[in-house]
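Note sheet for the following structure.
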Amino acid sequence: MIYNSIIDTIGNTPLIRLNKLNKGIAGEILVKVEYFNPGNSMKDRMAIKMVEDAEKEGILKPGGTIIEGTSGNTGMGLALAGIAKGYKCIFTMADKQSKEKIDILRAVGAEVIVCPTNVAPDDPRSYYAVARKLNEDIPNSFYPNQYDNLSNWRAHYETTGPEIWKDTEGSITHFVAGVGTGGSMSGSSKFLKEQNKEMVSIGIDTYGSVFKKYKETGEFDENEVYPYLTEGIGEDILPKNVDFSVIDQFIKVTDKDAAVMTRRLSREEGLFVGWSCGSAVHGALEYAKENLKKGDVMVILLPDHGTRYLGKVYNDDWMRNHGFLEDKAYGTARDIVA
Ligand code: PMP
């Protein structure tokens, strides 16, 4: 098989059985490992769709500039699309994001503008506002706006959901994914529920984010918003890509539980994945322990690769400084001896 360009390798990622972390749980736990995409994350899927839909609608024209606010993974997908199709890319990022993500985007030729994290979304310094302003100022520029651009969920409706349905031969009973823009959860879940309306979808949220409370009460509660560390999931806004009607419930996972589970995925399953993967698996296993029955098939979406977090959850000093490294078994050899 010969591909015409890197973007033709997006999708068709493997579904892999958990072998150790699922101990004591009835039913089957499978993970869909999205780091097999060329940009090492599931966001490649929606990035290429946002670009191609914009081309079709005439919003993105030859020689144009793509401008986006990104936590890094969407930027990588857009950068690959930009290279393949000849667009310049400028990305705005919050300064809480891993340095690796910024370096990776610069490595593939994108311009990256780092903005403060702890300012309101409508503050002119926020990464959302800076992206919008650049879009106004730069002629022939396209601002995909992954939060509200519906090509985002449609990409997962057209690819991620159908791949899961096909690979489980229609046996999936539970779907679990973290929710940031909401595109991956909403698009995949909508497709899967259309095939089997009994299928249960569980969204993973963070402490410091509005989704769980909003689902339960219909209320946007600003008191739910406070700083947290986990990257890629949870929001202080309600993006248009979150379709609450196809998400049955939300589970919140702490930064620490997510970080510890991320390291366990690497060391016990050989899945060198990103931090929000730990959130998804921690929440999924908590749910599964109580609710999964023999014959059930749970699929957990794992968004990205571990290299982006080498300076954080995979760094023992960082973990210790945040009070996350109590279990010596996951420290260094030196810790275990001590
Ligand atoms: N995890 C990571 C690492 C991400 O970059 C994202 C994207 N924001 C998500 C999870 C959440 O995915 P979505 O935006 O589709 O809700």
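Taking packing as the residue-averaged number of other Cβ atoms within 10 angstrom, the listed peptides 248-261, 4-17, 113-126, 67-80 run from highest to lowest as 67-80, 248-261, 4-17, 113-126. From most to least packed by mean Cβ count within 10 Å, the peptides 315-322, 238-245, 295-302 give 295-302, 238-245, 315-322. With the convex hull of the Cα atoms taken as the outline of the range 103-250, the averaged projected area works out to 10.4 nm². For the range 223-230, putting each phi into the Karplus relation 6.51 cos²θ - 1.76 cosθ + 1.60 with θ = phi - 60° gives couplings of 5, 6, 8, 7, x, 9, 9, 3 Hz, in residue order, rounded to whole numbers and with x for Gly and Pro.
Compactness of the range 264-313 is given as radius of gyration and Dmax, 12.3, 40 Å, from Cα positions.
The count of lysine pairs in the range 116-258 whose Cα atoms are under 22 Å apart, excluding pairs fewer than 8 places apart on the same chain, comes to 23. Principal axis extents of the Cα atoms in the range 194-269, from largest to smallest and rounded to whole angstrom, are 37, 36, 18. Applying the Kirkwood pairwise sum to the alpha-carbon positions of the range 1-68 produces a hydrodynamic radius of 14.8 angstrom. Summary of the geometry: the range 259-304 and the range 132-172, compared by the centres of their Cα atoms, lie 23 Å apart. The angle between the Cα long axis of helix 73-85 and the longest principal axis of the Cα atoms of the chain comes to about 40 degrees, rounded to the nearest 10.
For the chain, the longest principal axis of the C-alpha atoms and the axis of helix 43-57 are separated by about 30°. Value of Rg to Rh for the range 199-338, rounded to two decimals, is 1.00; Kirkwood radius and Rg both from alpha-carbon coordinates. Applying Stokes-Einstein at 20 °C and 1.002 mPa s to the Kirkwood radius of the range 7-140, computed over alpha-carbon pairs, gives a translational diffusion coefficient of 132 µm² s⁻¹. Once C-alpha pairs closer than 8 Å and six or more residues apart are averaged by separation and normalised to the residue number of the chain, the relative contact order reads 19 percent.
In the chain, the longest principal axis of the Cα atoms and the axis of helix 183-195 are about 70 degrees apart.
For the chain, the Kirkwood estimate of hydrodynamic radius, built from reciprocal distances between every pair of different alpha carbons, is 20.2 Å.
Read the figures in this text as sums done on the coordinates, not as results from a lab. Only a predicted model underlies this, so the values are computations on that prediction, with no experimental measurement involved. Here Cβ is always computed from backbone atoms with ideal geometry, including for glycine, and neighbour counts include all displayed protein chains.
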